[in-house]
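Peer 1: Just passing along the structure, written as structure tokens.
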Amino acid sequence: MEALPVEVIGNILSHLAAAKDVMVASATCRKWREATKKHLHTLIFDMTDWPIYGELTTSRLEILITQTIFQTTGLQNLHICMSEGGEFSAASVIAWLMYTRDTLRSLLYMMHTNPNVNIFEKCGRQKLEVLVSGYTSISGVDPSYQRFPCLKSLTLHSVNISALDLSLMLTACPKLESFSLVNPEIAMSDSQAVMELTSPTLKQLYVKEISLDKFVLEADNLESLHLKDSTVELFELISKGSLKHIRMDDVSIIHLDIGETTDLLEVVDVSDFTIMWPKFYQMISRATKLRRLRLWGIVFDAEDEIMDLETIAVCFPKLNHLSLSYDLRDGLLQHVLRGSSLLENVVLLKLGSALINDVFAQWIGGLLERCPNLKRLIIHGCVSETKTRDECASLARFTSSIVSLMRKFMHVDVQFDFQ
């Protein structure tokens, strides 16, 4: 250990990351203290790392963080997550940012301050590549001044910001590739909740817990779109057809427009998704390169809302992972299994149902017949703790059917995930 260069020790301490662990390790000897001071590049203060954080007063935490940061030089990654604590002094927070901003590449800042600290004003025009900011208010964004020439990843969590300032912020990030917006409080200039964003370099967008009338995104190079726990009447994507991944979790959209070109789509993953299904299918039906399709927890009102196996086989010839969880209680099994085209490339199949019954067993059998090269089948279902006699009988018949299928398709690895 004595032969290790001090730079290597600094790298080892940086992998510890948690401030408590780094400070304990730095007490090993003088050489380790020197490594902490001159060659430590990562430091994390997180309420979940050490229970003692929750027992300290806010002023004591400020002193502890200040002393620790000021013992280092050249920090590149600083994470301060104290969102569960009280309000921190703006003077202390500004001191931390001013001391480290010249060398920082990654900053996670999740805390309440009094008064509010404009994190973007303090860290603009620096070398930041990754920025996560939460529990703060952002206003008066000036792209010409608060510019982030190197920023590639931006996450805003529980922030208060206007739609205009949010748009200007993306303009201030000419190299932005990944943007996440979680539970924002967005101030609108009119009665309609309308948000319009533009970023020519954006590749990944993640949005969670928003409610808007209209969301328009102009991003020529967007590859991944993920919406979660949100309600949007109109979502429009203006791009050059670079989209590869679509994921929707517990989302309600009346009108979705992702453009005419979906040739590059590789993954479509939707669960608890509410939309006009025929139009959605029409949008993705041209995705001949699709490799993963997941339609999970979907409730259909009519036959034309269901994507049947024939459509899946014909439209997506390269599909290798297929996950389906349909509500088949309305006697729609025959429509779902219609046609005879095979899903020759599917090697992984996940099937789920809210009811464990004969219809579910028949559906599984029909899919196994259509997937000649299947290697693995995962069956999801729900079994209540208190079962009636009819439910027990239905479960017994289902079990017998699955055992028969397992004997017939012995080359398939079958797994069960019941709740």
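Peer 1: What number of residues within the range 245-265 satisfy the criterion of being in a loop (DSSP other than H, G, I, E, B) and surrounded by 18 or more Cβ atoms within 10 Å (Cβ to Cβ)?
Peer 2: Of the residues in the range 245-265, the ones in a loop (DSSP other than H, G, I, E, B) are 258-265.
With the extra rule that they be surrounded by 18 or more Cβ atoms within 10 Å (Cβ to Cβ), the set shrinks to 258, 262, 265.
Number satisfying all stated conditions: 3.
Peer 1: Quick check on this structure: which one of Ile312, Ile275, Ile246, Ile298 is under 20 Å from Ser178 (Cβ atoms) and hydrophobic (A, V, I, L, M, F, W, C)? Please lay out each step first, then the result.
Peer 2: Values: Ile312 fails: under 20 Å from Ser178 (Cβ atoms); Ile275 fails: under 20 Å from Ser178 (Cβ atoms); Ile298 fails: under 20 Å from Ser178 (Cβ atoms).
Answer to the check: Ile246.
Peer 1: Return yes or no: is Asn345 over 22 Å from Asp269 (Cα atoms) and either surrounded by 14 or more Cβ atoms within 10 Å (Cβ to Cβ) or not charged (D, E, K, R) (or both)?
Peer 2: Working: over 22 Å from Asp269 (Cα atoms): no; either surrounded by 14 or more Cβ atoms within 10 Å (Cβ to Cβ) or not charged (D, E, K, R) (or both): yes.
In short, no.
Peer 1: Can you find a residue in the range 66-87 that is charged (D, E, K, R) and under 13 Å from Ala17 (Cβ atoms)? Even if it seems obvious, please write down each step before you answer.
Peer 2: Taking the range 66-87 and keeping what is charged (D, E, K, R), we get 84, 87.
From what's left, under 13 Å from Ala17 (Cβ atoms): none.
Checked the range 66-87: no residue is charged (D, E, K, R) and under 13 Å from Ala17 (Cβ atoms).
Peer 1: Tally the residues that are in a helix (DSSP H, G or I), among the acidic types (Asp, Glu) and under 22 Å from Leu97 (Cα atoms), restricting the search to the range 22-63.
Peer 2: Of all residues in the range 22-63, those in a helix (DSSP H, G or I) come to 22-26, 30-39, 52-55, 58-63.
Subsequent filtering for residues that are among the acidic types (Asp, Glu) retains 34, 55, 62.
This time we only want the ones that are under 22 Å from Leu97 (Cα atoms), so: 62.
Here the count works out to 1.
Peer 1: Surrounded by fewer than 16 Cβ atoms within 10 Å (Cβ to Cβ) and modelled with pLDDT under 90: is that true of Asn118 in this structure? Give the derivation first.
Peer 2: Values: surrounded by fewer than 16 Cβ atoms within 10 Å (Cβ to Cβ): no; modelled with pLDDT under 90: yes.
For Asn118, the condition - surrounded by fewer than 16 Cβ atoms within 10 Å (Cβ to Cβ) and modelled with pLDDT under 90 - is not met.
Peer 1: State all residues of the range 156-196 that are within 19 Å of Leu256 (Cβ to Cβ), among the hydrophobic types (A, V, I, L, M, F, W, C) and modelled with pLDDT under 95; if no residue qualifies, say none.
Peer 2: Hits for the range 156-196 are Ala193, Val194, Met195.
Peer 1: Any residue at all in the range 375-390 that's farther than 20 Å from Ile298 by Cα, modelled with pLDDT of 95 or more and either in contact with a helix residue (DSSP H, G or I) (Cβ under 9 Å, 6 or more places away or on another chain) or outside the structural domain of Asp269 (by TED's automatic domain parsing) (or both)? Let's see the steps before the verdict.
Peer 2: Filtering the range 375-390 down to residues farther than 20 Å from Ile298 by Cα leaves 375-376, 384-390.
The next check asks that each one be modelled with pLDDT of 95 or more; those that pass are 375-376.
This time we only want the ones that are either in contact with a helix residue (DSSP H, G or I) (Cβ under 9 Å, 6 or more places away or on another chain) or outside the structural domain of Asp269 (by TED's automatic domain parsing) (or both), so: 375-376.
Yes, there is a match, as at least one residue in the range 375-390 is farther than 20 Å from Ile298 by Cα, modelled with pLDDT of 95 or more and either in contact with a helix residue (DSSP H, G or I) (Cβ under 9 Å, 6 or more places away or on another chain) or outside the structural domain of Asp269 (by TED's automatic domain parsing) (or both).
The values are calculated or read from the model by the stated rules, or taken from the named source; none is laboratory data. All of these numbers come straight from a predicted model, not from anything done at the bench. Glycine also receives a Cβ, built like all others from the backbone with ideal geometry; neighbour counts cover every protein chain displayed.
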